[in-house]
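Notes follow the structure.
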């Protein structure tokens, strides 16, 4: 994502230069990505390993007998059931996911996704086992800290990049 930010001025130049010819624009963009060794879909690839893991955890939390009536941190009496306090954990997950996406999405075309995706996940996760919601919340919180760390390192290495 940082590399895409760095390439943004060149990409804007290409958009102005090849305004009337989308094929030349795409060719120039692909050439730029290849020269700079940047993958525009790099951030999407991180979601691919998460989805099978999420489906697997769903099955584990629903069917593993060890999670039934097993307290976790004294608050959740059963990780295989939805949150006993209606929607507390899904709301925390939604807020963490919103902050994570707000920090990472810079493309104005994807701005609506920052608002829509957390709501979709809330609606999807509110009735799922709290263990799965807890996993996704931890993933979002750790991603926030990772993004902050990457931004700090980028600022230290290259002070003119914000």
Picked from the range 11-38 (must be touching a helix residue (DSSP H, G or I) at 6+ places or on another chain (Cβ under 7 Å) and at pLDDT below 80), the residue farthest from residue 107 (Cα to Cα) is 36
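Yes/no matrix, rows are residues, columns are (1) part of a helix (DSSP H, G or I); (2) at pLDDT below 85; (3) under 13 Å from the mean Cα position of the chain (by Cα); (4) more than 16 Å from residue 137 (Cα to Cα):
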| residue | (1), (2), (3), (4) |
| --- | --- |
| 69 | no, yes, no, yes |
| 91 | yes, no, no, no |
| 97 | yes, no, yes, no |
| 100 | yes, no, yes, no |
Modelled with pLDDT under 85 and surrounded by fewer than 18 Cβ atoms within 10 Å (Cβ to Cβ): is that true of residue 53 in this structure? yes
Take the conditions part of a helix (DSSP H, G or I) and not assigned by TED's automatic domain parsing to the domain that holds residue 6 and apply them to residue 106. Does it pass? no
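Look through 143, 80 and report the one residue that is touching a helix residue (DSSP H, G or I) at 6+ places or on another chain (Cβ under 6 Å) and either exposed (fewer than 13 other Cβ atoms within 10 Å of the Cβ) or part of a loop (DSSP other than H, G, I, E, B) (or both). Lay out the reasoning, then the answer.
On the way: 143 fails: either exposed (fewer than 13 other Cβ atoms within 10 Å of the Cβ) or part of a loop (DSSP other than H, G, I, E, B) (or both).
Of 143, 80, the one residue that is touching a helix residue (DSSP H, G or I) at 6+ places or on another chain (Cβ under 6 Å) and either exposed (fewer than 13 other Cβ atoms within 10 Å of the Cβ) or part of a loop (DSSP other than H, G, I, E, B) (or both) is 80.
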Which residue pairs have Cβ atoms closer than 8 Å, lie 6 or more positions apart in sequence or on different chains, and pair a first residue in the range 50-71 that is more than 11 Å from residue 131 (Cα to Cα) and assigned by TED's automatic domain parsing to the domain that holds residue 137 with a second residue that is modelled with pLDDT of 75 or more and assigned to a helix (DSSP H, G or I)? 50/139
Residues in the range 112-132: is at least one more than 22 Å from residue 143 (Cβ to Cβ), loosely packed, with under 14 Cβ neighbours inside 10 Å and without any contact (Cβ under 8 Å) to a residue 24 or more places away in the chain? no
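The values are calculated or read from the model by the stated rules, or taken from the named source; none is laboratory data. Computed from a prediction, not measured in an experiment: that's the story for all the values here. Methodologically, a virtual Cβ is constructed for each residue, glycine included, from the backbone with ideal geometry; neighbour enumeration extends over all protein chains shown.
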